[in-house]
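The values are calculated or read from the model by the stated rules, or taken from the named source; none is laboratory data. Predicted model, so just to flag it, every value in this text is computed and none were measured. Cβ sites come from the backbone with ideal geometry, for glycine too, and all protein chains shown count toward neighbours.
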Amino acid sequence: MPVAQRQLAAFVVQLLESVEAVATIDRLSALARPQGPWTLAHCWSHLRQRFVKMARNSRSPIAEAAVRQIAQLYAIEAKVRGLSPGIRLAARKEHSLPIVAALKPWFEKQLSMISSGSTLAEDIR
C-alpha cells in the first residue's frame, strides 16, 4: 500500500473513532475499519429535494405526501441531534425504522398508479 493511502487510512480510522461515517467514496469504502464493514446509506436530503421540486412545480399529491413522510424522519433527527450515538441509534430504530419500512411498499403502490416513464416514477425508483 502506498504511503499516501496508508496515511489516508490512518486518518480515516481516527475520524471514524470520533464520528459516525457513511461510505460515499469507493476508495474509502474499500478500507477496512475496526468498527466493521461499511454500510451504504442513501441521502434523504437529495431524494427530498426531488419531491419538493415536483410538489412545487406540478402540485403532485404523491410528491407532497412523500415530502411529508420524509419530514417525519427529519423531525426525529432534530429531536436526537447532539445526543450520544447509542441514543440516536435507539431512537432511529424505534421511530425512524417503521417510517422507512412503510415507505418502500408505499412507493411501490404509487409506482403502480403512475406512468413508468414519468419524472416522478424516476424519482421514486
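Going through (1) touching a residue at least 60 places away in the same chain (Cβ under 8 Å); (2) surrounded by 13 or more Cβ atoms within 10 Å (Cβ to Cβ) one by one, residue 67 falls short only on (1). The set of residues in region 51-80 being out of contact with any helix residue (DSSP H, G or I) (no Cβ under 6 Å at 6 or more places or on another chain) and aliphatic (A, V, I, L, M) consists of 65, 71, 75, 78.
Screening residue 70 against (1) touching a Leu at 6+ places or on another chain (Cβ under 9 Å); (2) closer than 26 Å to residue 35 by Cβ leaves a single unmet condition, (2).
Give the residue, chosen from 32, 78, that is hydrophobic (A, V, I, L, M, F, W, C), assigned by TED's automatic domain parsing to the domain that holds residue 2 and free of Cβ contacts under 8 Å to residues at least 40 places away in the same chain.
32
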